[in-house]
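The block underneath contains the structure these notes are about, expressed in structure tokens.
The values are calculated or read from the model by the stated rules, or taken from the named source; none is laboratory data. Being a predicted model, the structure only gives us computed values, none of them experimental. Cβ placement follows ideal geometry from the backbone for every residue including glycine, while neighbour counts extend to all protein chains displayed.
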2 protein chains.
Amino acid sequence: MSAADSTLLLRAARREPTPVTPVWLMRQAGRYLPEYRALRARHGFLELCRNPQAAAEVTLQPVRRLGVDAAILFADILLLVEPLGVGLEFAAGEGPVIHRPVRSEADVARLKPIDVESSVGSVFETVRLVRRELSPAVALIGFAGAPFTVASYVVEGGASRDYLHTKRLMYEAPAAWHRLMDVLADATATYLNGQIDAGAQAVQLFDSWVGTLGPDDYREHVLPHTRSVIRALRPGVPVIHFGTGTATLLPLMREAGGDVIGLDWRVPLDAGWAAVGPDVGVQGNLDPAALLARPAHFRERVKAILARAAGRPGHIFNLGHGVHQDTPPEHVQALVDMVHELSAR
Amino acid sequence: MSAADSTLLLRAARREPTPVTPVWLMRQAGRYLPEYRALRARHGFLELCRNPQAAAEVTLQPVRRLGVDAAILFADILLLVEPLGVGLEFAAGEGPVIHRPVRSEADVARLKPIDVESSVGSVFETVRLVRRELSPAVALIGFAGAPFTVASYVVEGGASRDYLHTKRLMYEAPAAWHRLMDVLADATATYLNGQIDAGAQAVQLFDSWVGTLGPDDYREHVLPHTRSVIRALRPGVPVIHFGTGTATLLPLMREAGGDVIGLDWRVPLDAGWAAVGPDVGVQGNLDPAALLARPAHFRERVKAILARAAGRPGHIFNLGHGVHQDTPPEHVQALVDMVHELSAR
């Protein structure tokens, strides 16, 4: 058994039995941690993402503090698309802004090619630095945005509630939509393979906002592109495929691919697992809002999630979405300890 | 057969066969209509809601223009809670703002009682005016926010993405949460009964944001309160119970009550109907974003929804949420005509 195979996370991702349920948390590195805020005070957000030493440090902070079973690379899903020439900026406190959103066939035609090495070459260096520091017992997860979620930022110009521009492009100019998705899917596969080559042992594809679509739209406008990303990845590296609000999309997400499907808190873990089928694992699915309350208030919820997994190999404990920035770090710590304690077999 | 019984909408709400599928649209009165914008230019939003003549005119505008099968009262779900003393304001272009959000046990204890007559007495007058003008073939639907959705505004202080304050109150101070929900449920039942007494022939309960919760939270923190509203309503008046993002909540919403369950576009209409059971009707469920594209692009979607209803009595056609303000009115017109044409039996 190689060192990699001995990590809890990779064993669970392959649906092998583990002595305890592995746990990591989306956005476990970030603003809720004082050591992150200290580093962030000295670097702009994009600069932090692009500086391998700093990004590696941010990646490692929660591993040291919390004892989670995986590190997730610190980066942003939009780094990859900077070369498109859409005017990406991280405005203070507002999240990403895209100054020249892509909303028509002509806008798509005007996009510059994505040179992956130039946009995210520094990320590969971060992966190498982290892997060098990390204990062999802790898995390093690489990640990228899935084509739909990245496209939604590129088309909306930032975060959105209703994704109206995205859907309008999809409905009125389907050929342009598919071209945009092809461009993103190709770059995403290259990006993830670069992370794998640099040392990532698993990768997560974040299709965070895909839950705005119904199943018919997903099947036609998203599935082929997500599938083409996942099929292009190096074999043998587990893929975690995640989205929120996906209760009605789960069988299609499974069809698109992934060894583990990420569930949000809206679907009971057992129902979600039934929807994706027994031949994949599941990751999730505590509501991140639960961590705002004291540990005594979320202990029963953690128990209920573990009970729904019923000790079946293939469950990776996580939140249903990222840690919120005003979460007390000691609550996060309590969660990690609780999962290990309550799942011990 | 009374005049009321002859309307398509009421017959469908009782699951009686109709010659065509009735159609109306959430937010069919509103900013996408030039005649609304003309009136709105002369009145503030709250003033428009509270002026019975103006509100009746806004209610009737889409009926005249579109030939929909129902009018829905023009009002706002937050009018009811103004007496709570939380500092409700409709800021220009920003939606509702609540200046003193309710986030603790002490905040809940401090709330003033809701005097329904003082907060929404003018709405009852609007109902009477509209009913007087409306053709007997067109049903008048009254409405209110469901307790959870209204509570979410009161606790968050406005619209929200993650509902963190709401969930924190729910988890850390459940007794205060239930007290707040009791207050809202009581006032809501009185409000809806007042609309019914004034002439509303059906009512819709909008639990628009309840999809942020998983089923366990819904069952414990929402269901008893929504049920108490619905049980307190005058018998014989159909209740439409609506929310978005509710794929995993549908059986529980049905348990809470309603003769018709509103579905959003994320769930295929037949799957949604199966989830709520054959002894209720369903309303929905075209994605409102579809109306931004030209009618040729949404015709197949409308056909697919009607095919999933399979001509079964009990389907009311609607969007999965409200009409977006930048929707071309002629697209809305095309939709209404299309539903009548394609569903003719």
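Per-structure values
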item	result
Qualifying residues in region B:256-268 (those that are aliphatic (A, V, I, L, M) and within 20 Å of A:Leu249 (Cβ to Cβ)) - the one farthest from the other protein chains (Cβ to nearest Cβ)	B:Leu263
Candidates A:Arg27, A:Arg31, filtered to the one that is over 30 Å from A:Asp182 (Cα atoms), of a type in the set (Lys, Arg) and surrounded by fewer than 22 Cβ atoms within 10 Å (Cβ to Cβ)	A:Arg31
Region B:305-321, subset within 11 Å of another protein chain (Cβ to nearest Cβ) and part of a helix (DSSP H, G or I), residue nearest to B:Leu205 (Cα to Cα)	B:Ile305
Residue in region B:210-255 that is farthest from the other protein chains (Cβ to nearest Cβ), counting only those that are without any contact (Cβ under 8 Å) to a residue 60 or more places away in the chain and small (Gly, Ala, Ser)	B:Gly236
So B:Phe206, is it more than 14 Å from chain A (Cβ to nearest Cβ), assigned to a strand (DSSP E or B), on the phi < 0 side of the Ramachandran plot and touching an Asp or Glu at 6+ places or on another chain (Cβ under 7 Å)	no
Identity of the residue in region A:281-294, under 18 Å from A:Leu205 (Cα atoms) and without any contact (Cβ under 8 Å) to a residue 40 or more places away in the chain, that ends up nearest to the chain's Cα centre (by Cα)	A:Gly284
Filter result (touching a helix residue (DSSP H, G or I) at 6+ places or on another chain (Cβ under 7 Å), away from every other protein chain (no Cβ under 14 Å), in contact (Cβ under 8 Å) with a residue 60 or more places away in the chain and assigned to a helix (DSSP H, G or I)) within region B:171-203	B:Arg179, B:Leu180, B:Leu184, B:Ala187, B:Thr188, B:Thr190, B:Tyr191, B:Gly194, B:Gln195, B:Ala198
Whichever residue in region B:285-294 is closer than 15 Å to B:Asp264 by Cα and assigned to a helix (DSSP H, G or I) and, among such residues, is nearest to the other protein chains (Cβ to nearest Cβ)	B:Ala289
Pick from region B:79-88, criterion in contact (Cβ under 8 Å) with a residue 40 or more places away in the chain and either β-branched (Val, Ile, Thr) or under 19 Å from B:Ser160 (Cα atoms) (or both), ranking: surrounded by the most Cβ atoms within 10 Å (Cβ to Cβ)	B:Val81
Qualifying residue in region A:29-49 (condition: within 20 Å of the chain's Cα centre (by Cα), over 19 Å from A:Val97 (Cα atoms), among the charged types (D, E, K, R) and not in a loop (DSSP other than H, G, I, E, B))	no
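To keep it simple, each residue is scored yes or no on (1) within 14 Å of chain A (Cβ to nearest Cβ); (2) aliphatic (A, V, I, L, M); (3) in contact (Cβ under 8 Å) with a residue 24 or more places away in the chain; (4) not in a helix (DSSP H, G or I).
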| residue | (1), (2), (3), (4) |
| --- | --- |
| B:Asp270 | yes, no, yes, no |
| B:Ala296 | yes, yes, no, no |
| B:Lys303 | yes, no, yes, no |
| B:Val323 | yes, yes, yes, yes |
| B:Thr327 | yes, no, yes, yes |
| B:His331 | yes, no, yes, no |
| B:Leu342 | no, yes, yes, no |
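Every residue, every condition in (1) in a loop (DSSP other than H, G, I, E, B); (2) among the small types (Gly, Ala, Ser); (3) out of contact with any strand residue (DSSP E or B) (no Cβ under 7 Å at 6 or more places or on another chain); (4) modelled with pLDDT of 95 or more, yes or no:
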residue	(1), (2), (3), (4)
B:Val123	no, no, yes, yes
B:Thr126	no, no, yes, yes
B:Leu129	no, no, yes, yes
B:Arg132	no, no, yes, yes
B:Phe143	no, no, no, yes
B:Phe148	no, no, no, yes
B:Ala159	yes, yes, no, no
B:Thr166	no, no, yes, yes
B:Leu169	no, no, yes, yes
